[in-house]
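Participant: Structure incoming, see below.
The values are calculated or read from the model by the stated rules, or taken from the named source; none is laboratory data. In this text, all values refer to a predicted model and were calculated from it rather than measured experimentally. With ideal geometry, Cβ positions are generated from the backbone for all residues, glycine too; neighbour counts draw on all protein chains shown.
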Amino acid sequence: MRLRDLATGLGALIIAVTALAALFGPALVHADPFAQDLTHRLVPPVWMGGEPAHPFGTDQLGRDYLARLVYGARISLLIGVSAAVTSGLIGTTLGVLGGFFGGWVDDVVMFVITCRLSIPLILVALAVVSAVGSSLAVVVLTLGLLLWERFAVVARTTTMQIRNLDYVAAAQAAGASRAHVLLREVLPNIAHHLVVVATLEVALAILLEAVLSFLGLGVPPPLPSWGLMIAEAKDYMFFSPWVIMVPGLALFTLVLGINLLGDGLRDLLGASRDA
Amino acid sequence: MRRFVIRRVILAALVCLTVLVISFSLTRVAGDPAMAVAGPQATAEDIALIRKNYGLDRPLPEQFLSWVGAALQGDLGSSYLYRAPVADLIRVRLPVTLTLGLVGIIFAVLIALPLGILAAVKEGTLLDRLVMLLALLGQAMPSFWLALLLIIEFGLRLQWLPIAGLDDWTGYILPGLVLAFSAVPALMRLTRSGMVDALRSDYIRTARAGGLSRASIVLKHALRNAAMPVVAIAAVQLGFMLGGSIVIESIFNLPGVGYLAWESISKNDFPVVQAVVLLLALIYVVLTLAADMLNAVLDPRLRAAG
């Protein structure tokens, strides 16, 4: 059990550090993430014998890696959280409706979930972003519109489990409106399951944004998304492997942190295992 | 059982229909396809001509129906980029993607099953924790980054394996491993929890009391029960893998459907894009249908229920 708490704490710490870096980093790091300096290209990080002026080195255009990493943390967190909120709204609405009303409503919801699952995620996301044009907002909306199915599945099953419990029946007997029952009785009582799903979806959205940006159809350059940083640097990875190590590790660590926290929350809140 | 099967088949058919609509409309949100074909220097007459030749001047529902009708006969239109039938382009590349998916799922099962069993047998020990930690790390690993790391390590430093293209079967090893990696955490957790439940059950206690050897209990009796859902999920994971092949194929330069899709997306070759979306979705629908049927056949509770 102690190990579990340690893991959850580590996850929370990783997220806190990333969030702080995203919020205050740009004020603390003096280098400009967009300023190119062709005389200082591909400077290695300090621990590999680089220059103190660029603690994490510079990229192929001489842009400071630390400044870009910190700025990239903003993009990752912004996209991860916004996409999870969007998909949470869609998925929860569908799931609660299906789980609460059952019958044909539920059939429709299940049908929509099945359709969503059968659509190849990355392919469709790429096609949409390519068609509409890449921008932060487009990436958030695309991911939000594609990632809701786990919310829907969990909201549906958990709503089904509680819809016949006494307090829901009591509220209905007391003459509460449907909207009141759904928003005030059902939703608060499945919220802890949804919080766990939300952490997983934030992590997934961050990973997918990185994939899209890596394939050139996510966040548009010169914005320093971590996925885009890896894509831009990959031609130089043979001679300077750290150019992909640094942003990749940042991505890996953040996603790991979110997953650790999510697992911890699941145990803490007693959420269901399929969340 | 029969009711379940019929319901499931109807659902699959409806999903297929929806996927047809989605993959058709996907390429129409981009605006006028005729402009994309004509290119930036085209005159208004050129565009009008193209629109007429490709049938883009007809009403959308009519275009949709004729596309579906042709697709049902195996005609998926022709690529603007290659000036060749889409069906031919896909047919040539599909074996690569399917092989990659199969290699991936085989690797995934070979890694996940033993580790999951090991974790379940040693439940609660350090070994169990380590396996679960591995699942967590695997979940957080961005596949494209892992691919690059493997390319640096095995392709460049050790020079054991090819890093791009498909000169022989060794070209499948690295991409297959990366693809497998994305499925391993889920399969491993499922194997572990299935085995933990199975090992606690009454029939295992009976087998133990009967004096069967530990290996025989774990491998013959518990695994048989725990493996079924794993097989079903593996089928679904294979569907996801084929979708994920777009990333892997473009990194490793494999001439598969995923690479074709990526190329077509970046060059606005929309007949190819919609065909690949359709194909991958249909494969997924068939795989999940098969997995559900398998589950229904294997699970007596489902078999009994109507």
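Participant: Pull up the stretch A:2-44, narrow it to residues that are charged (D, E, K, R) and within 14 Å of chain B (Cβ to nearest Cβ), then point me to the one that is surrounded by the fewest Cβ atoms within 10 Å (Cβ to Cβ). Step through it out loud before you land on a result.
Facilitator: To start, the set of residues in the stretch A:2-44 that are charged (D, E, K, R) comprises A:2, A:4-5, A:32, A:37, A:41.
Checking the rest, the ones that are also within 14 Å of chain B (Cβ to nearest Cβ) come to A:2, A:4-5.
Numbers: A:ARG2: 6, A:ARG4: 14, A:ASP5: 12.
Checking each candidate, the answer is A:ARG2.
Participant: Looking only at residues that are touching a residue at least 12 places away in the same chain (Cβ under 8 Å) and within 8 Å of chain B (Cβ to nearest Cβ) in the stretch A:111-147, which one is surrounded by the most Cβ atoms within 10 Å (Cβ to Cβ)?
Facilitator: Restricting attention to the stretch A:111-147, the residues satisfying the condition of being touching a residue at least 12 places away in the same chain (Cβ under 8 Å) are A:112-113, A:116-117, A:119, A:121-122, A:124-126, A:128-130, A:134-136, A:139-147.
If we keep only those that are within 8 Å of chain B (Cβ to nearest Cβ) as well, we get A:117, A:119, A:121-122, A:124, A:126, A:128, A:130.
Numbers: A:LEU117: 18, A:ILE119: 22, A:LEU121: 21, A:ILE122: 22, A:VAL124: 22, A:LEU126: 25, A:VAL128: 22, A:SER130: 22.
Among those that are touching a residue at least 12 places away in the same chain (Cβ under 8 Å) and within 8 Å of chain B (Cβ to nearest Cβ), it is A:LEU126.
Participant: State whether the residues of the stretch A:211-226 include one that is within 11 Å of chain B (Cβ to nearest Cβ), buried (at least 23 other Cβ atoms within 10 Å of the Cβ), small (Gly, Ala, Ser) and closer than 28 Å to A:GLY49 by Cα.
Facilitator: Looking for residues that are within 11 Å of chain B (Cβ to nearest Cβ), buried (at least 23 other Cβ atoms within 10 Å of the Cβ), small (Gly, Ala, Ser) and closer than 28 Å to A:GLY49 by Cα, one finds none in the stretch A:211-226, hence no.
Here's the yes/no breakdown for (1) in a helix (DSSP H, G or I); (2) closer than 25 Å to B:VAL178 by Cβ; (3) within 12 Å of another protein chain (Cβ to nearest Cβ); (4) of a type in the set (Ser, Thr, Tyr):
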residue: B:VAL231; (1), (2), (3), (4): yes, yes, no, no
residue: B:GLY239; (1), (2), (3), (4): yes, yes, yes, no
residue: B:GLY244; (1), (2), (3), (4): yes, yes, yes, no
residue: B:PRO255; (1), (2), (3), (4): no, yes, no, no
residue: B:SER264; (1), (2), (3), (4): yes, yes, yes, yes
residue: B:VAL273; (1), (2), (3), (4): yes, yes, yes, no
residue: B:LEU279; (1), (2), (3), (4): yes, yes, yes, no
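Participant: Right, another one. Take the stretch A:224-246 and flag every residue that is out of contact with any Phe, Trp or Tyr (no Cβ under 8 Å at 6 or more places or on another chain) and within 20 Å of A:GLY144 (Cβ to Cβ).
Facilitator: A:SER225, A:TRP226
Participant: So which of A:THR86, A:THR93 is surrounded by fewer than 20 Cβ atoms within 10 Å (Cβ to Cβ) and on the phi < 0 side of the Ramachandran plot? Outline the logic, then answer.
Facilitator: Details: A:THR86 fails: surrounded by fewer than 20 Cβ atoms within 10 Å (Cβ to Cβ).
When all the criteria are applied, what remains is A:THR93.
Participant: Take the stretch A:214-227 and flag every residue that is within 16 Å of the chain's Cα centre (by Cα), within 18 Å of A:ARG63 (Cβ to Cβ) and touching a residue at least 60 places away in the same chain (Cβ under 8 Å).
Facilitator: A:VAL219, A:SER225, A:TRP226
Participant: Is there a residue being within 14 Å of the chain's Cα centre (by Cα), more than 10 Å from every other protein chain (Cβ to nearest Cβ) and buried (at least 24 other Cβ atoms within 10 Å of the Cβ) anywhere in the stretch A:228-246?
Facilitator: In the first step, residues of the stretch A:228-246 are kept if they are within 14 Å of the chain's Cα centre (by Cα); the result is none.
No, the stretch A:228-246 contains no residue that is within 14 Å of the chain's Cα centre (by Cα), more than 10 Å from every other protein chain (Cβ to nearest Cβ) and buried (at least 24 other Cβ atoms within 10 Å of the Cβ).
Participant: Further, regarding this structure: Against the condition of a type in the set (Ser, Thr, Tyr) and farther than 30 Å from A:GLY216 by Cα, how does A:THR158 come out, does it pass?
Facilitator: On the way: of a type in the set (Ser, Thr, Tyr): yes; farther than 30 Å from A:GLY216 by Cα: yes.
For A:THR158, the condition - of a type in the set (Ser, Thr, Tyr) and farther than 30 Å from A:GLY216 by Cα - is met.
Participant: For the stretch A:20-61, enumerate the residues that are under 20 Å from A:SER225 (Cβ atoms) and over 29 Å from the mean Cα position of the chain (by Cα).
Facilitator: If the condition is that a residue be under 20 Å from A:SER225 (Cβ atoms) and over 29 Å from the mean Cα position of the chain (by Cα), then A:GLN36, A:LEU42 are the ones that fit.
Participant: Take the conditions within 20 Å of B:TYR82 (Cα to Cα), assigned to a helix (DSSP H, G or I) and either modelled with pLDDT under 75 or within 14 Å of another protein chain (Cβ to nearest Cβ) (or both) and apply them to B:ARG51. Does it pass? Let's see the steps before the verdict.
Facilitator: Values: within 20 Å of B:TYR82 (Cα to Cα): yes; assigned to a helix (DSSP H, G or I): yes; either modelled with pLDDT under 75 or within 14 Å of another protein chain (Cβ to nearest Cβ) (or both): yes.
Taking the combined requirement at face value, the residue satisfies it.
Participant: For B:VAL218, which of the numbered conditions (1) closer than 30 Å to B:PRO255 by Cβ; (2) in a helix (DSSP H, G or I) fails to hold?
Facilitator: Answer for B:VAL218: the failing condition is (1).
Participant: Based on what the data block shows, is B:GLY74 surrounded by fewer than 20 Cβ atoms within 10 Å (Cβ to Cβ), within 23 Å of the chain's Cα centre (by Cα) and either at pLDDT below 85 or not in a helix (DSSP H, G or I) (or both)?
Facilitator: Numbers: surrounded by fewer than 20 Cβ atoms within 10 Å (Cβ to Cβ): yes; within 23 Å of the chain's Cα centre (by Cα): yes; either at pLDDT below 85 or not in a helix (DSSP H, G or I) (or both): yes.
So B:GLY74 passes the test.
Participant: Residue check: is A:LEU251 surrounded by 19 or more Cβ atoms within 10 Å (Cβ to Cβ), in a helix (DSSP H, G or I) and of a type outside the set (Ser, Thr, Tyr)?
Facilitator: Details: surrounded by 19 or more Cβ atoms within 10 Å (Cβ to Cβ): yes; in a helix (DSSP H, G or I): yes; of a type outside the set (Ser, Thr, Tyr): yes.
Here the answer is yes, as A:LEU251 does meet what is asked.
Participant: Determine, yes or no, whether B:ALA207 is aliphatic (A, V, I, L, M), away from chain A (no Cβ under 14 Å) and assigned to a helix (DSSP H, G or I).
Facilitator: Details: aliphatic (A, V, I, L, M): yes; away from chain A (no Cβ under 14 Å): yes; assigned to a helix (DSSP H, G or I): yes.
Against the criterion (aliphatic (A, V, I, L, M), away from chain A (no Cβ under 14 Å) and assigned to a helix (DSSP H, G or I)), B:ALA207 qualifies.
Participant: Please go through the stretch B:240-274 and give me each residue that is buried (at least 24 other Cβ atoms within 10 Å of the Cβ) and closer than 14 Å to B:LEU187 by Cα, ordered by number.
Facilitator: Within the stretch B:240-274, just B:MET241 meets the criteria.
Participant: Now, a different point. Scan the stretch A:62-80 for residues that are part of a loop (DSSP other than H, G, I, E, B) and at pLDDT 75 or above and jot them down.
Facilitator: Narrowing the stretch A:62-80 to residues part of a loop (DSSP other than H, G, I, E, B): A:62-63.
Listed by number, the list holds a single entry, A:ARG63.
Conditions (1) in contact with a His (Cβ under 8 Å, 6 or more places away or on another chain); (2) surrounded by 16 or more Cβ atoms within 10 Å (Cβ to Cβ); (3) more than 13 Å from every other protein chain (Cβ to nearest Cβ); (4) farther than 18 Å from B:VAL230 by Cα, marked per residue:
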| position | (1), (2), (3), (4) |
| --- | --- |
| B:MET132 | no, yes, no, no |
| B:PHE144 | no, yes, no, yes |
| B:GLN159 | no, no, no, yes |
| B:PRO162 | no, yes, yes, yes |
| B:GLY171 | no, yes, yes, yes |
| B:ALA186 | no, yes, no, no |
| B:SER193 | no, yes, no, no |
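Participant: Tell me, please, whether a residue that is without any contact (Cβ under 8 Å) to a residue 12 or more places away in the chain, assigned to a helix (DSSP H, G or I), more than 14 Å from every other protein chain (Cβ to nearest Cβ) and more than 27 Å from B:ALA147 (Cα to Cα) can be found in the stretch A:188-210.
Facilitator: yes
Participant: While we're looking at this one, here's another question. Could you list, in sequence order, all residues of the stretch A:25-60 that are touching a helix residue (DSSP H, G or I) at 6+ places or on another chain (Cβ under 7 Å) and either without any contact (Cβ under 8 Å) to a residue 40 or more places away in the chain or acidic (Asp, Glu) (or both)?
Facilitator: Quick first cut of the stretch A:25-60, residues touching a helix residue (DSSP H, G or I) at 6+ places or on another chain (Cβ under 7 Å) only: A:25-26, A:29, A:31-33, A:42, A:44-45, A:48, A:52, A:54-60.
Matches in the stretch A:25-60: A:ALA31, A:ASP32, A:PRO52, A:HIS54, A:PRO55, A:THR58, A:ASP59.
Participant: A follow-up question, please. What's the total number of residues in the stretch A:45-61 that are in a helix (DSSP H, G or I) and buried (at least 22 other Cβ atoms within 10 Å of the Cβ)? Even if it seems obvious, please write down each step before you answer.
Facilitator: If we filter the stretch A:45-61 for residues that are in a helix (DSSP H, G or I), which is where we start, we get A:46-48.
Then drop every residue that is not buried (at least 22 other Cβ atoms within 10 Å of the Cβ), which leaves none.
Number of matching residues: 0.
Participant: Considering only residues that are in contact with a Phe, Trp or Tyr (Cβ under 7 Å, 6 or more places away or on another chain) and either closer than 19 Å to A:ARG266 by Cβ or at pLDDT 90 or above (or both), which ones fall in the stretch A:145-179?
Facilitator: In the first step, residues of the stretch A:145-179 are kept if they are in contact with a Phe, Trp or Tyr (Cβ under 7 Å, 6 or more places away or on another chain); the result is A:159, A:163.
Hit for the stretch A:145-179 is A:THR159, nothing else.
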